Amino acid sequence: SVAFSPIIHYFADKLGIDRSNIICPILVTDKHGEYTGEVIAKTRYNSKCCDKIICKADAAKELMKKLNVKPEESIAVGDGKSDECLFRACGLSLAYKPLTSIGDIKILNLAEVLIYAE
């Protein structure tokens, strides 16, 4: 995700997702736990793919390799232009209420993801 770590970690914890499988910009904290304003990323910026701090395609490929999942076995869910490279890296792309024409299939409810996950 391109959302910052506190937000992503909150939802990962709620969903029971192991934080080691999360790739997002990390807000750096000082020794008192206060944010410094510095941001770091686990993956490198990839100007050949997109203009984001984290290339979602590279992140997806890294996770697929780690989890031994083939691209054709993966589903990407996104809602905007920042998801285009992610969509190209995965076997099926679901565009959630997109504002532009992206993705293989447009969905209006996140529960629809379960239909395609079988």
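Observations
To keep it simple, each residue is scored yes or no on (1) at pLDDT 90 or above; (2) in the same structural domain as Ile8 (by TED's automatic domain parsing); (3) hydrophobic (A, V, I, L, M, F, W, C).
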site: Leu67; (1), (2), (3): yes, no, yes
site: Pro71; (1), (2), (3): yes, no, no
site: Val77; (1), (2), (3): yes, no, yes
site: Leu86; (1), (2), (3): yes, no, yes
site: Leu94; (1), (2), (3): yes, no, yes
site: Leu99; (1), (2), (3): no, no, yes
site: Ile107; (1), (2), (3): yes, no, yes
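- Per-region count, the range 93-118, residues in contact with a helix residue (DSSP H, G or I) (Cβ under 9 Å, 6 or more places away or on another chain) and more than 12 Å from Ala60 (Cβ to Cβ): 11
- Residue match in the range 22-42 (condition: under 13 Å from the mean Cα position of the chain (by Cα) and exposed (fewer than 15 other Cβ atoms within 10 Å of the Cβ)): yes
The values are calculated or read from the model by the stated rules, or taken from the named source; none is laboratory data. The structure displayed is predicted, hence computed values, not measured ones. Ideal geometry is used to build each Cβ from the backbone, glycine not excepted, and the neighbour counts take in all protein chains shown.
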